[in-house]
């Protein structure tokens, strides 16, 4: 809404009311303008791998691609044992299949975000992309609080300007903040164990213990070298990720050298600034 238009909407009122009305319209315009998808490909992670204005002992656990019948309950059980809350970026199609698990994620105090309807990495048309976003929105909106941001993560981290434009120009999707990236668990092709999905396949010959140790190294590298907090990317597709998460949380909660703290993505200042 343009400020010029506010004057038309407020016309015909007493002077004092016009002033108050136009102030309100400007305020609403600014609020709406903040609720946008960022064009930054790695938002809210900066190009140097840091998460600005967040203490480096902070860890944000994020879980993608679910829910799935076996893995999601296992992940939730681990999080419950350690009293850690996470952000679940759910696939709309999976949410339709397992609504009881989406409910459990919500009931246990975790935040639910969008990860598209079918985990698409590419789309034939912009309309297909928007349809995927809106179908997932309908699945997760019952589990959103007005005090929380609507969050989005792009499958595979694939994000570009045309997707930003499509999302921001839709009234519903412009209320989302994203696309949320990560700085732990990215899956560098040069490494065999730096992403949880690399420990799922027996052919890869990487045990969950090895992948968990790689995650711990990444978290501690962020802390010591990058002086940064960590957004940790994991998945609730395979139960081996739950086994990894158990190792990671057990290690960090028993670490006496650093007072690690766990938080939700919506607490990150760059995210809150767009809410």
Would you tally the residues in the stretch 146-190 being part of a loop (DSSP other than H, G, I, E, B) and either in contact (Cβ under 8 Å) with a residue 40 or more places away in the chain or within 18 Å of residue 132 (Cβ to Cβ) (or both)? 18
Taking only pairs six or more apart or across chains, which ones have beta-carbon atoms under 8 Å, a first residue in the stretch 249-275 that is at positive phi and in contact (Cβ under 8 Å) with a residue 12 or more places away in the chain, and a second residue that is surrounded by 15 or more Cβ atoms within 10 Å (Cβ to Cβ) and part of a helix (DSSP H, G or I)? none
Here is a list of conditions, (1) surrounded by 15 or more Cβ atoms within 10 Å (Cβ to Cβ); (2) more than 17 Å from residue 90 (Cβ to Cβ); (3) out of contact with any helix residue (DSSP H, G or I) (no Cβ under 7 Å at 6 or more places or on another chain), and residue 179 meets all of them except one; can you say which number that is? (2)
I'd like the residue in the stretch 44-59 that is touching a strand residue (DSSP E or B) at 6+ places or on another chain (Cβ under 7 Å) and under 26 Å from residue 173 (Cβ atoms) and, out of all such residues, is surrounded by the most Cβ atoms within 10 Å (Cβ to Cβ). 51
If I filter the stretch 77-87 for residues that are surrounded by 15 or more Cβ atoms within 10 Å (Cβ to Cβ), more than 23 Å from residue 272 (Cα to Cα) and out of contact with any helix residue (DSSP H, G or I) (no Cβ under 6 Å at 6 or more places or on another chain), do I get at least one hit? yes
Test for residue 100: is it at pLDDT 95 or above and surrounded by fewer than 16 Cβ atoms within 10 Å (Cβ to Cβ): yes
Given the condition surrounded by 13 or more Cβ atoms within 10 Å (Cβ to Cβ), in contact with a helix residue (DSSP H, G or I) (Cβ under 8 Å, 6 or more places away or on another chain) and at pLDDT 85 or above, answer yes or no: does some residue in the stretch 20-34 qualify? no
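The values are calculated or read from the model by the stated rules, or taken from the named source; none is laboratory data. These figures come from a predicted structure and were not determined experimentally. Don't worry about glycine lacking a Cβ; one is built from the backbone with ideal geometry, like all the others, and counts go over all protein chains shown.
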